[in-house]
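The values are calculated or read from the model by the stated rules, or taken from the named source; none is laboratory data. These figures come from a predicted structure and were not determined experimentally. Cβ sites come from the backbone with ideal geometry, for glycine too, and all protein chains shown count toward neighbours. Surface areas here come from the heavy atoms of the whole protein model, side chains and all, with no ligands, DNA or RNA. Shrake-Rupley method; radii C 1.70, N 1.55, O 1.52, S 1.80 Å.
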Amino acid sequence: MVRYSQAGQLASDLFESARNERIEANAPLAARMRPRTLDEFIGQEAIVGPGRLLRRAIQADQLSSLIFYGPPGTGKTTLAQVIANTTAAHFSALNAVLAGVKEIRATVTDAQERWALYDQGTILFVDEVHRFNKAQQDALLPWVENGTVTFIGATTENPYFEVNKALVSRSRIFQLKSLTEQHLRLIMQAALNTPGRGYGDRRVLIEEEAAAHLVSIANGDARAVLNALELAVETTDPDPSGEVRINLAIAEESIQRRAVLYDKEGDYHFDTISAFIKSLRGSDPDAALYWLAKMIYAGEDPRFILRRMLILASEDVGMADPRAVQVVNACAQAFDRVGLPEGNFPLAQAALYLATAEKSNSVMAFFDALDAVGNEPDSDVPSHLRDANRDSEGFGHGAGYLYPHAYRDHWVAQQYLPAALQGKVFYEPTGQGYEAAIAAAVTRRREAQLAAMLEGSGAPPEILTYDASGGGSVRERWLQRTVAQSGEAAAALRDRILAGGPLERHSVVLDLNAGSGLLTWEAQRRSPEGGVYALAFNEDDRQALQEQTQNMEEPARPLLLQGRIGELAQLLDADAVRFDAIVGRNALINSSEKEAALRQLAERLAPQGWLSLAETVPKHTQRIYALGDRSTLRPELAERLIAAEEAIYADSADALVNWDEDTMEAALFAAFPAQAQSGRVSIERIDADTDVLISEGMVRRWFGPALGDRRSYAERLAEGMGPEEVEQIEGWVRGQLLNRTVPWRRRTVLLRVAGE
């Protein structure tokens, strides 16, 4: 092991000084002109300007470990040399490309002995520190931690990604920016004026156009501008007077190609492709072409760019323009066929197509579905969706599947999600491009399905076993919706209601019993510049509507009201609003004062306004006794069943069943006498059969205890039958109807008051 002595150290320093002088005399201009003090340093005022932290630390010789990060030619190594010339500590330098663990250990050993013998610290500068592998960085880390060496690293790569995290955490990072043209001019002028190291002892004149070309093409790199200046001066013969004149032609020969900051594996690669993708996503074709050109100019692989554009065609354009994937894929194939330079044409075409295409990221819904798969309990495939070719006989797989092509518009409301996920929405179409055309259809079907899910199938079993809390099995309601096609029926009824009169863009609409929003959202779409008031009969309905409005801008949201029709005066008096249209579905069905409710609506209808209400008529709904074969019952029991069930619908005290289309028509004419006189009042009866599956849940509701204020079917039968007879009827229903799909008769009346 070498031991230091004062004489030996002095001899070594003198030898090293002489060697450095010889090297400097033959060094390139950029190396000779490297600043030696902070006063000579040009640029990076943000970190070494007067009063800045780094400047104060260098001047006070109180440095901690540092990492300088920035593009080539911005002064990283120069700052290290300034520190070397300023500090009292010994300055050692390693290049990460050439040095390894052996050199690190030798430097550390020298630093330890230097500290022990001379009480002198050591600053270790590692250029290109990102080139150190993990083992090399780990070999350095302990000596940085215990203070044996003060570490200074220089890198063109992001240290947070390329340098050991432990080393980064113990260092202060300074980011150096590309130099401005003004900085480069000052550096070039200093080289021309400085004797010895520069050209101050020679007559060199550089024309303005030549100087502008050099600093422009150097692109913020001090080394590039000095190398170009040196080449221009050293290759130009002086004129007879001894002057070296640098004109534009000489400057162009000295630096012909702009130095583009780009590294296929580093920050510039990732930052530039990021800027390109964000420009495409932001529909800026000019910026997209610029960043594309920069990558091609720097030598980026065009196939990499095309792969990224293919991803963007689905991720960010997606359903707004499904042709985007086809266009980019065709351009990629064309590029493979023709290659460069002609391949730049399809490359640019793909970029321009994506930049100008409508945008939608709705395909991201797939990742919501992935989250659901990862977070939700595992759900079986619904029986009707299973493969009927394998277990249809033993387990009923595939039974109940509805073939969409057998229905109108090749669509049928059907359960496709597992039961636990019924009603879950993943895909949310935007209003952009092609997707706008399908958004309306998707949204309307969902609204119809949502209405069916919230309201059940609409069949009388819900009337006989009314649940005031709005509860009940979600799975059961979806099952009924599937079989009854009530989603499609609800959509058709919605369109008939809204066909009652004109809806202008500025119309003001009142939706009665807004519930699921079946009418509200369509009215909102048709009258975007008017306003929609949505009346919810209970807090649950109001809350559901409010949740659906959260993603809408405040002015575009419907105005939510909660109460009954009889309370409209109190709810609306502050606005004194009159409606161009009043619409509703089953808004009057439970009202005991239907005529009074209609009079309230008449007061709120504008002079030229119109009204359109659809009301289900429970009095004329399907009878359960008519669905099965009553010959299997004792004759007297069958007769008592008919009488008991008919008595349910003959109860004059029950506001749900004590009316029909005739009484509703009389109430409508009485509430709107002027309109009736001019022939603008009408009532239309709609009779329809709907397929309904008699499920176990439905039978339990019929024959179980009441769920709300209304008595159940069994409780009503018990008024004229004994308990054993009711049990016999339940057994008959189960034997005749359970798990069967039956036609269920229903009647709806459409009440209309036409506008003037």
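Look at region 47-59: where a residue is touching a residue at least 60 places away in the same chain (Cβ under 8 Å) and a partner is surrounded by 15 or more Cβ atoms within 10 Å (Cβ to Cβ) and basic (Lys, Arg), sitting 6+ places away or on another chain with Cβ atoms under 9 Å, you get Ile47/Arg55.
So Leu611 passes all but one of these: (1) within 30 Å of Asp709 (Cα to Cα); (2) at pLDDT 90 or above. Which condition number does it fail? Result: Leu611 fails condition (1) only.
Tyr4 passes every criterion in (1) open to solvent by 40 Å² or more (accessible area, probe 1.4 Å); (2) modelled with pLDDT of 80 or more; (3) touching an Asp or Glu at 6+ places or on another chain (Cβ under 8 Å) apart from (2).
Apart from one condition, Glu113 fits all of (1) in a helix (DSSP H, G or I); (2) in contact (Cβ under 8 Å) with a residue 60 or more places away in the chain; (3) surrounded by 20 or more Cβ atoms within 10 Å (Cβ to Cβ); the exception is (3). The single condition from (1) open to solvent by 40 Å² or more (accessible area, probe 1.4 Å); (2) over 14 Å from Ile624 (Cβ atoms); (3) over 45 Å from the mean Cα position of the chain (by Cα) that Gln736 fails is (2).
For region 349-363, state whether one or more residues are open to solvent by 30 Å² or more (accessible area, probe 1.4 Å), at pLDDT 65 or above, part of a helix (DSSP H, G or I) and more than 30 Å from Ala313 (Cβ to Cβ). Within region 349-363, not a single residue is open to solvent by 30 Å² or more (accessible area, probe 1.4 Å), at pLDDT 65 or above, part of a helix (DSSP H, G or I) and more than 30 Å from Ala313 (Cβ to Cβ). Residue check: is Arg640 open to solvent by 10 Å² or more (accessible area, probe 1.4 Å), out of contact with any Pro (no Cβ under 7 Å at 6 or more places or on another chain), among the basic types (Lys, Arg) and in contact (Cβ under 8 Å) with a residue 40 or more places away in the chain? For Arg640, the condition - open to solvent by 10 Å² or more (accessible area, probe 1.4 Å), out of contact with any Pro (no Cβ under 7 Å at 6 or more places or on another chain), among the basic types (Lys, Arg) and in contact (Cβ under 8 Å) with a residue 40 or more places away in the chain - is met. The set of residues in region 605-627 being open to solvent by 20 Å² or more (accessible area, probe 1.4 Å) and either part of a loop (DSSP other than H, G, I, E, B) or touching a strand residue (DSSP E or B) at 6+ places or on another chain (Cβ under 7 Å) (or both) consists of Thr616, His620, Arg623, Leu627.
For every residue, the table says whether it meets (1) among the charged types (D, E, K, R); (2) modelled with pLDDT under 85; (3) outside any loop (DSSP other than H, G, I, E, B); (4) crowded, with 19+ Cβ neighbours inside 10 Å.
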residue: Arg494; (1), (2), (3), (4): yes, no, yes, yes
residue: Leu503; (1), (2), (3), (4): no, no, no, yes
residue: Ser516; (1), (2), (3), (4): no, yes, no, yes
residue: Gln546; (1), (2), (3), (4): no, yes, yes, no
residue: Met552; (1), (2), (3), (4): no, yes, no, no
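Contact map, region 712-726: residues that are of a type in the set (A, V, I, L, M) paired with residues that are not in a helix (DSSP H, G or I), Cβ distance under 8 Å, separation 6+ or inter-chain. Pairs shown: Ala714/Gly704; Val726/Ala718. Taken over region 684-729, the residue count meeting the criterion of being within 19 Å of Leu641 (Cα to Cα) and not in a loop (DSSP other than H, G, I, E, B) is 18.
Among the residues of region 80-98, those identified as surrounded by 17 or more Cβ atoms within 10 Å (Cβ to Cβ), farther than 18 Å from Ile47 by Cβ and of a type outside the set (A, V, I, L, M) are His90, Phe91, Ser92.
Annotation: of all residues in region 340-371 being within 18 Å of the chain's Cα centre (by Cα) and among the hydroxyl-bearing types (Ser, Thr, Tyr), the one that is farthest from Gln326 (Cα to Cα) is Ser362. Which of the residues spanning region 202-224 are of a type in the set (A, V, I, L, M, F, W, C) and in a helix (DSSP H, G or I)? Correct list: Ala210, Ala211, Ala212, Leu214, Val215, Ile217, Ala218, Ala222, Ala224.
Please indicate, with yes or no, whether at least one residue in region 155-169 is over 38 Å from the mean Cα position of the chain (by Cα) and more than 27 Å from Glu45 (Cα to Cα). No, every residue in region 155-169 fails to be over 38 Å from the mean Cα position of the chain (by Cα) and more than 27 Å from Glu45 (Cα to Cα).
Scan region 99-106 and give yes if some residue there is open to solvent by less than 20 Å² (accessible area, probe 1.4 Å), within 30 Å of Met33 (Cβ to Cβ), in contact with a strand residue (DSSP E or B) (Cβ under 9 Å, 6 or more places away or on another chain) and part of a helix (DSSP H, G or I), otherwise no. So far as region 99-106 goes, no, none of its residues is open to solvent by less than 20 Å² (accessible area, probe 1.4 Å), within 30 Å of Met33 (Cβ to Cβ), in contact with a strand residue (DSSP E or B) (Cβ under 9 Å, 6 or more places away or on another chain) and part of a helix (DSSP H, G or I). When region 47-77 is limited to residues that are in a loop (DSSP other than H, G, I, E, B) and open to solvent by 30 Å² or more (accessible area, probe 1.4 Å), the one that is nearest to Ala30 (Cα to Cα) turns out to be Pro72.
Restricting the first member to region 674-689 and to residues that are farther than 23 Å from Ala606 by Cα and among the small types (Gly, Ala, Ser), and the second to residues that are open to solvent by 40 Å² or more (accessible area, probe 1.4 Å) and in a strand (DSSP E or B), the beta-carbon pairs closer than 7 Å and six or more apart or on different chains are Ala688/Arg746. For region 687-703, filtered to residues that are more than 16 Å from Thr621 (Cα to Cα) and of a type outside the set (A, V, I, L, M, F, W, C), the residue that is surrounded by the fewest Cβ atoms within 10 Å (Cβ to Cβ) is Glu696. Suppose we keep only residues that are among the hydrophobic types (A, V, I, L, M, F, W, C) and within 46 Å of the chain's Cα centre (by Cα) within region 703-728. Which one would you say is farthest from Arg634 (Cα to Cα)? The residue in question is Leu707.
Could you please tell me which pairs satisfy a Cβ distance under 7 Å, a separation of 6+ or placement on different chains, a first residue in region 231-250 that is of a type in the set (Ser, Thr, Tyr), and a second residue that is open to solvent by less than 40 Å² (accessible area, probe 1.4 Å)? As it stands, the answer is Thr236/Val244; Thr236/Ile246; Thr236/Ile250, since those pairs meet every condition given.
None of Gly708, Gly704, Gly722 is touching a helix residue (DSSP H, G or I) at 6+ places or on another chain (Cβ under 8 Å), among the small types (Gly, Ala, Ser) and modelled with pLDDT under 90 except Gly704.
Pairing residues of region 117-128 that are touching a residue at least 60 places away in the same chain (Cβ under 8 Å) and within 19 Å of Val82 (Cβ to Cβ) with residues that are among the acidic types (Asp, Glu) and open to solvent by 10 Å² or more (accessible area, probe 1.4 Å), at Cβ distances under 7 Å and at least 6 apart in sequence or on separate chains, gives no pairs at all.
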